[in-house]
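Okay, structure first, notes after.
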């Protein structure tokens, strides 16, 4: 049985803490897509750690943590992450497994990413410049190198062939940057990677399922950044939705049971792209400061706005979401009047559908207003003790989406999660 946890907005929904919360109920936590652009924040013994590639179950005893084939892997960042995890007394070598089909991010991928983004000028996508898009391009272009390749005798030949192709691309951009130091670091990290458990991921996970093991598939980024169904072209380079679990881990759709969708009580976005409910005013700044909305991977200030139920309904539909987790509900504690977007007005026409193309269209969010609860909820542990105004807010979301909010995060602590009846 496989349950899925994924973000329903533009990423940064707080997936790391939620995966860590659910992890005790599972035998394996598996990342199925994305790369080091993910930033899953956890607090371990009161100390903050951000995981970019290692699954968020790494701090739980006796859990298998699998980096699946759908991920693109930066081995330099992985090495640093493993060292950070080890500093907490965790034996990552015991519990971390990496699929041999996982594609590698090369130093030249990062250079191409930078060159491409620079060339776009004011039309920048908002890339994290970590080489993720070029790595996925090599994957679909059938040029990429995979983790399993590093164990072959001719890896250096394959590397130089691909490096030569990358240099031609960089020359076309008239981009010149010395990556020799980055390459030295890369090859040093490859030697470290060889000491880890490199396995055939699809047989590994399916054998575990045959033996009755429970798997939690951990998504990165968010549904509205999906390469097919997100706000294209301002999207990531992988399938962030439930369908990506099957292709990213090598499992059949019948294996998936629950789909747990995560949404903030409001909405944020990092980088460029459409954001209908964005607040470019004092309220947006208040939410940003109250929620400490700065990228865990990039440090960039996040754009903030009201919750968008049109986009959320779309995300629930394409993912088959069975239950919701609402994070950062406490950020709204001091707001007098809350707004919820339940319709768009697109070029003068009201709709509850997400348009095929948001960019360049006049999208006006239509709101329903709610009285704020004006109460500190961070110390509440029982749903019955939540303010009546908050109960009204959540019930409206339940009814509109047709999917229940089952869990509410009311603070950064792992214990600050309220279970709804």
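Computed from the coordinates by the stated procedures, all read-outs in this text should not be read as laboratory data. Source: prediction; values computed, not measured. Ideal geometry is used to build each Cβ from the backbone, glycine not excepted, and the neighbour counts take in all protein chains shown.
Worth a mention:
- With contacts taken as Cα pairs under 8 Å at a separation of at least 6 residues, region 263-419 carries a relative contact order of 24 percent.
- The stretch between residue 158 and residue 392 holds 78.3 nm of extra length on full extension. This uses 0.36 nm per residue minus the Cα-Cα distance.
- A straight line joining the Cα centroids of region 70-98 and region 168-210 runs 13 Å.
- Relative contact order (%) - the chain, alpha-carbon pairs under 8 angstrom, separation at least six: 19 percent
- With each label modelled as a point 7 angstrom along the Cα→C-beta vector, the residue 93-residue 142 pair spans 3.9 nm.
- Axis of helix 180-193 versus longest Cα principal axis of the chain: the two differ by about 90°, to the nearest ten degrees.
- Shape category assigned to region 263-419 from the gyration tensor of Cα positions, a/c cut at 1.5: prolate
- Length gained on full extension, residue 194 to residue 371, computed as 0.36 nm times the residue gap minus the Cα-Cα distance: 58.1 nm.
- Förster radius 22 Å - calculated FRET efficiency between residue 168 and residue 120, Cβ distance, rounded to 0.05: 0.65
- Candidates 127, 223, 180: whichever shows maximal mean-square fluctuation once the chain is modelled as a Gaussian network with Cα springs under 10 Å: 180
- Treating r as the C-beta distance of residue 149 and residue 83 and R0 as 22 Å, the FRET efficiency rounds to 0.35.
- Most mobile of 23, 84, 135 in a GNM of the chain (Cα contacts under 10 Å): 84
- Beta bridges from DSSP with both residues in the chain: antiparallel share about 40 percent, rounded to the nearest 5.
- Backbone N under 14 Å from the residue 45 label point (7 Å along Cα→Cβ), restricted to region 76-115: 84-91
- Given their separation in residues at 0.36 nm each and the Cα-Cα distance between them, residue 210 and residue 232 gain 4.1 nm when the chain is fully extended.
- Residues 1, 28, sorted so that the one with the fewest Cβ neighbours within 10 Å comes first: 1, 28
- Annotation: the residues 13, 81, 371, sorted from fewest to most other C-beta atoms within 10 Å of their own C-beta, follow the order 371, 81, 13.
- Residue 180-residue 357 FRET efficiency (beta carbon distance; Förster radius 60 Å; 0.05 resolution): 0.90
- Each residue in 231, 327, 322 was given a count of other beta-carbon atoms within 10 angstrom of its own, and listing them fewest first yields 322, 231, 327.
- Springs join every pair of Cα atoms under 10 Å in this Gaussian network model of the chain, and among 53, 221, 349 the largest mean-square fluctuation is at 349.
- Label-to-label distance for residue 283 and residue 382 is 3.4 nm, based on points extended 7 Å past Cα in the beta-carbon direction.
- The chain: angle of helix 201-210 to the longest principal axis, Cα-based, in degrees nearest 10: 50 degrees
- Computed helical MRE - 222 nm, the chain, DSSP H runs ≥ 4 contributing -39500 (n - 2.57), nearest 500: -9500 deg cm²/dmol
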